[in-house]
Amino acid sequence: TCPCSAQSEKFVANYDESQVPDYELPPILDEVTAQADDFPSAWDARRSQLLQTFTEQMFGSVPTSEFELLFEKVEQAHCLAGKGIRQQWKVTISTESGTLPVTLLLYTPAQATGPVPTFLGLNFHGNHTIAADPEILLTESWVRDSKPQSATNHQASDEGRGSSSSRWPIELLIDNGLGLATAYYGEIDPDTDDQFENGIHALFPDHRPSAEAPDRWGSIAAWSWGLSRLLDCMEQIDQVDASKVVVIGHSRLGKTSLWAGATDPRFAATISNDSGCGGAALSRRAFGETVWRINTSFPHWFCGNFKQYNRNEAALPIDQHQLLALLAPRPLYVASASEDQWADPRGEFLSAKLASEVYERFELPGLALQDLPKPNTASIGVVSYHLREGTHNIDSWDWTNYVQFIKQLQ
Ligand code: GCU
């Protein structure tokens, strides 16, 4: 079911497989690339072309003008009964137009003898919601007023501490010798349709200044750009192996992790959890959430050009299997949930299966599954997929599989 009621009376989602329109997907490989003897270099060229089309038609272009970064460690202490080290870093992004502080929260195992592979994912409600730990700094940015996160007047408060802890199994990761880094997505760009007057957009007023610019960067591009700045900071932290940072996200932040992995090859692997429409799911299936619906409910997520494809998916020059292919040959994990039909599990699975073509051309194994698997079995490899039994969420079962997945980097 659709969680956002505003336009629901105008839109009836299709959940009937027999009503999926006939569609023809744009190929991942063009003829030249498909026939090339030197596949990796032919793919480089094709990949740049696809990346450019996704930038122009879907996510929007990010600024190329200068900015400065300042990294300050604000706090470090042992935690989890001595098993972990918690650090908080203030990452300050500045341009001539202003400064933007973003707080990175990091957990690493205290026992580690060297830098560790680390997950990096944005959170929805503030760093203080990921664990009931009174030392985690409260965000001062705009947050949604939603229970159980207990924000009032869009300000974070102590009551929200730990309210999202089931989504962030810090101890599981520490016990497996892994790190976890997170930041609140609203510090990079508040998730409201506010004409981009605040957050990171405000620091680059000359980049696509007109609100009508068709390739103006939307919030997903802004959050992804922010993930790259957090990685810049992680490259300076001794406890993190920056060559093994896995970018992860759930839902809209899963769409974000895919775009971050596509635009920043320093991310060693990418995980999209229940990312759905605009993420891993094929747009042309128009199953569950559609391009029209997402552009109407969340006009600030994608760029203006993407609205041309409202109720017109067949005209898209791209589709989401090509987005997944942009991650090759780096490991990729696409995850769905059986009751999350809004995100179209089959469309997410098909995308991962189709993107496998590029991995195979790199002589790596593609997704081992032939069809949508039974719930609660995970197929873990270079290209991984699972369908968790249950609703739209990220839980410890999902994470247990992500821990197995990251081991291929260790
Ligand atoms: C809404 C939206 C989805 C998104 C989800 C989320 O359901 O329609 O596209 O993934 O919110 O981020 O939780």
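The values are calculated or read from the model by the stated rules, or taken from the named source; none is laboratory data. What you are looking at is a predicted structure, and each value in this text was computed from that prediction instead of being measured. Because the Cβ atoms are built from the backbone with ideal geometry, glycine has one as well, and the counts that use them run over all protein chains shown. Note: areas computed on protein heavy atoms with side chains; ligands, DNA, RNA excluded. Shrake-Rupley method; radii C 1.70, N 1.55, O 1.52, S 1.80 Å.
For segment 252-274 and segment 65-127, what is the separation of their Cα centres, given in Å? So the two Cα centres are separated by 18 Å. Loop-located trypsin sites (Lys or Arg not before Pro) in segment 293-377 (DSSP state other than H, G, I, E, B) with a sparse environment of at most 14 neighbouring Cβ atoms within 10 Å: R311. For the chain, the relative contact order is 17 percent, taking Cα pairs closer than 8 Å that sit 6 or more residues apart in sequence and dividing their mean separation by the residue count. Size descriptors for segment 30-81, from the alpha-carbon set: Rg then Dmax equal 20.7, 58 Å. Taken about its Cα centre, segment 118-259 carries a charge dipole of roughly 440 debye when the Cβ of each Lys and Arg holds +1 and the Cβ of each Asp and Glu holds -1. A probe of 1.4 angstrom, applied to the heavy atoms of all protein chains, finds E389 with accessible area near 110 square angstrom. The C-alpha atoms of segment 1-158 occupy a region whose extents along the principal axes are 55, 50, 40 Å, arranged from largest to smallest. Among the DSSP helices (H) of the chain, those spanning at least 20 angstrom by Cα along their long axis with an average Kyte-Doolittle hydropathy of -1.0 or more are 39-54, 219-234, 345-361; this is a geometric and hydropathy rule only. Note on the chain: Rg/Rh from Cα positions, Kirkwood definition for Rh, rounded to two decimals, is 0.94.
Where the alpha-carbon atoms of segment 144-203 are placed on the principal axes, they occupy 43, 27, 15 Å, in descending order.
How big is the antiparallel share of DSSP beta bridges in segment 269-410, given as a percent to the nearest 5? Of the beta bridges lying entirely in segment 269-410, close to 15 percent run antiparallel.
The helix-only estimate of mean residue ellipticity at 222 nm for the chain, built from DSSP H runs of length n ≥ 4 each weighted as -39500 (n - 2.57), is -7000 deg cm²/dmol after division by the residue total. When you have a sec, figure out the Kirkwood radius of segment 179-234 from all distinct Cα pair distances and drop it here in Å to one decimal? After inverting the mean inverse Cα-Cα distance, the result is 12.0 Å.
Here the spin labels are modelled as points 7 Å beyond Cα on the Cα-Cβ line, and at S146 and S166 they lie 1.5 nm apart. Relative contact order for segment 83-221: what is it in percent, counting Cα pairs under 8 Å that are at least 6 residues apart? Here the relative contact order equals 28 percent. Only lysines eight or more places from K244 in sequence, or on another chain, were considered; those with a Cα closer than 26 Å are K73, K83, K90, K255, K353, K407.
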